[in-house]
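The values are calculated or read from the model by the stated rules, or taken from the named source; none is laboratory data. Every value quoted in this text rests on a predicted model; they were computed, and no experiment measured them. Backbone-built Cβ (ideal geometry, glycine too); neighbour counts: all protein chains shown. Just the protein is used for accessible areas: all its heavy atoms, side chains included, with ligands, DNA and RNA removed. Shrake-Rupley method; radii C 1.70, N 1.55, O 1.52, S 1.80 Å.
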Amino acid sequence: MDQPLSNGAAVAGTVELGDLTVNRMGFGAMRLCGDSAWGRPRDPGHASRVLHRAVELGVNFIDTADSYGPETNETMISQALYPYPSGVVIGTKGGLVRPNRRSWIPDGRPEHLRRAIEGSLQRLRLERIDLYQFHAPDPNVPFIESVGALADLQRSGKIRHIGLSNVTVAQLNLARTITPIASVQNTYNLRDRTSEDVLAACERLGIAFLPWYPLGGKRGLKAANIRQLALRRGLTHAALSLAWLLAKSPLMLPIPGTRSIDHLEANVLAAALKLAPEDFDDLE
Ligand SMILES: NC(=O)c1ccc[n+]([C@@H]2O[C@H](COP(=O)([O-])OP(=O)(O)OC[C@H]3O[C@@H](n4cnc5c(N)ncnc54)[C@H](OP(=O)(O)O)[C@@H]3O)[C@@H](O)[C@H]2O)c1
């Protein structure tokens, strides 16, 4: 394997997910489904090669959800990687349902979460899920009831660590009154910093923050200042975005998504980039 890339995901150091330690360049598997995170990919063999290459490059945190596909993303991961190489941590999520490709509907009812986790365990071929993230609060279910259901599932041994996604600081604090929380996954990138307060809360608590849309999603980060600075530094906007995220906080665990092995390799290489202080000023 090419030297600079070998174990490249470890170059930016590690972060703790409870008692687990993972390299600080993860992989978001959602894009390995069909378009709109719906169905199977056109070339499942290629999706499998992307997952294998990620692990070869030292990526040992893979993010998925039962709603990606739905279900197919988790199945693809186990078909590609089971038995999982030592140290590989799969973080999945539950609490959203997909009646069609356009809809993502919250379902935080305890009975739904109990069913959802059984499905994820089966598809991922696991007896316990290392990181189970509540995908999004359900406005029709008291948040504490949803989190309480996950705490019960943790006590029964089906979940190792509980994470939250798409939450406010108040929700994070509320969840912590009944169970330890290992991570938060909210949207965060150079353009969208609405979760700055949640990141700050994670830093105070010493828990991992997983920025989703780290590259700005499918549209990418096309703002002029990002493009110009990337050009000046001889970087792509993707590399600049990832380097900025990693430098922003030692608890940041980016999970960029891609279907391309070239992009995956470039994203892992970004773990080694160091930005200058003036780069940060330009990006404020
Ligand atoms: N918790 C939530 O509610 C939530 C919501 C959305 C996503 N997520 C998670 O976050 C992960 C990442 O989000 P995402 O995939 O939607 O967005 P993203 O990582 O911000 O961006 C992915 C897009 O960037 C492109 N890309 C990737 N690497 C690139 C590179 N080096 N150069 C140029 N383009 C590049 C990809 O296209 P190519 O395929 O062509 O590379 C894809 O279109 C998902 O996989 C999922 O696990 C969570």
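The set of residues in region 196-228 being open to solvent by less than 50 Å² (accessible area, probe 1.4 Å), within 11 Å of the ligand (Cβ to nearest atom) and closer than 30 Å to residue 152 by Cα consists of 210, 211.
One residue is enough: does region 75-84 have a residue meeting the conditions within 16 Å of the ligand (Cβ to nearest atom), farther than 24 Å from residue 21 by Cβ and not in a loop (DSSP other than H, G, I, E, B)? Yes, the conditions are met somewhere in region 75-84. Candidates 59, 15: the one that is in a loop (DSSP other than H, G, I, E, B), closer than 24 Å to residue 217 by Cα and open to solvent by less than 30 Å² (accessible area, probe 1.4 Å) is 59.
Can you confirm whether region 37-47 contains a residue that is within 15 Å of the ligand (Cβ to nearest atom), at positive phi, open to solvent by less than 30 Å² (accessible area, probe 1.4 Å) and not aliphatic (A, V, I, L, M)? The answer is no, given that none of the residues of region 37-47 is within 15 Å of the ligand (Cβ to nearest atom), at positive phi, open to solvent by less than 30 Å² (accessible area, probe 1.4 Å) and not aliphatic (A, V, I, L, M).
Those residues that are over 15 Å from the mean Cα position of the chain (by Cα), closer than 11 Å to residue 5 by Cβ and either more than 8 Å from the ligand (Cβ to nearest atom) or part of a loop (DSSP other than H, G, I, E, B) (or both), I need them from region 262-284; list them, please.
Correct list: 265, 269, 271, 272.
Just one of the listed residues (119, 94) is open to solvent by less than 30 Å² (accessible area, probe 1.4 Å) and within 25 Å of residue 252 (Cβ to Cβ), namely 94. Has region 232-251 got any residue that is part of a loop (DSSP other than H, G, I, E, B), within 14 Å of the ligand (Cβ to nearest atom), open to solvent by less than 10 Å² (accessible area, probe 1.4 Å) and touching a residue at least 12 places away in the same chain (Cβ under 8 Å)? Within region 232-251, none of the residues are part of a loop (DSSP other than H, G, I, E, B), within 14 Å of the ligand (Cβ to nearest atom), open to solvent by less than 10 Å² (accessible area, probe 1.4 Å) and touching a residue at least 12 places away in the same chain (Cβ under 8 Å).
Check whether at least one residue in region 67-80 is under 17 Å from the mean Cα position of the chain (by Cα), among the aliphatic types (A, V, I, L, M) and closer than 30 Å to residue 273 by Cα, and report yes or no. For region 67-80, residues under 17 Å from the mean Cα position of the chain (by Cα), among the aliphatic types (A, V, I, L, M) and closer than 30 Å to residue 273 by Cα: present.
Apart from one condition, residue 177 fits all of (1) over 27 Å from residue 31 (Cα atoms); (2) within 14 Å of the ligand (Cβ to nearest atom); (3) polar (S, T, N, Q); the exception is (2). Candidates in region 97-116 are the residues that are assigned to a loop (DSSP other than H, G, I, E, B), of a type in the set (D, E, K, R) and out of contact with any Pro (no Cβ under 7 Å at 6 or more places or on another chain); of these, the one that is surrounded by the fewest Cβ atoms within 10 Å (Cβ to Cβ) is 102.
Being assigned to a loop (DSSP other than H, G, I, E, B) and of a type in the set (A, V, I, L, M, F, W, C) is the filter; apply it to region 213-231 and report the residue that is modelled with the highest pLDDT.
Ranking the candidates gives 215 first.
On the basis of being within 24 Å of residue 148 (Cα to Cα) and open to solvent by less than 40 Å² (accessible area, probe 1.4 Å), does residue 181 make the cut? Considered against the rule, which asks whether it is within 24 Å of residue 148 (Cα to Cα) and open to solvent by less than 40 Å² (accessible area, probe 1.4 Å), residue 181 comes out as yes.
State whether the residues of region 42-63 include one that is closer than 20 Å to residue 133 by Cβ and acidic (Asp, Glu). Yes: one or more hits.
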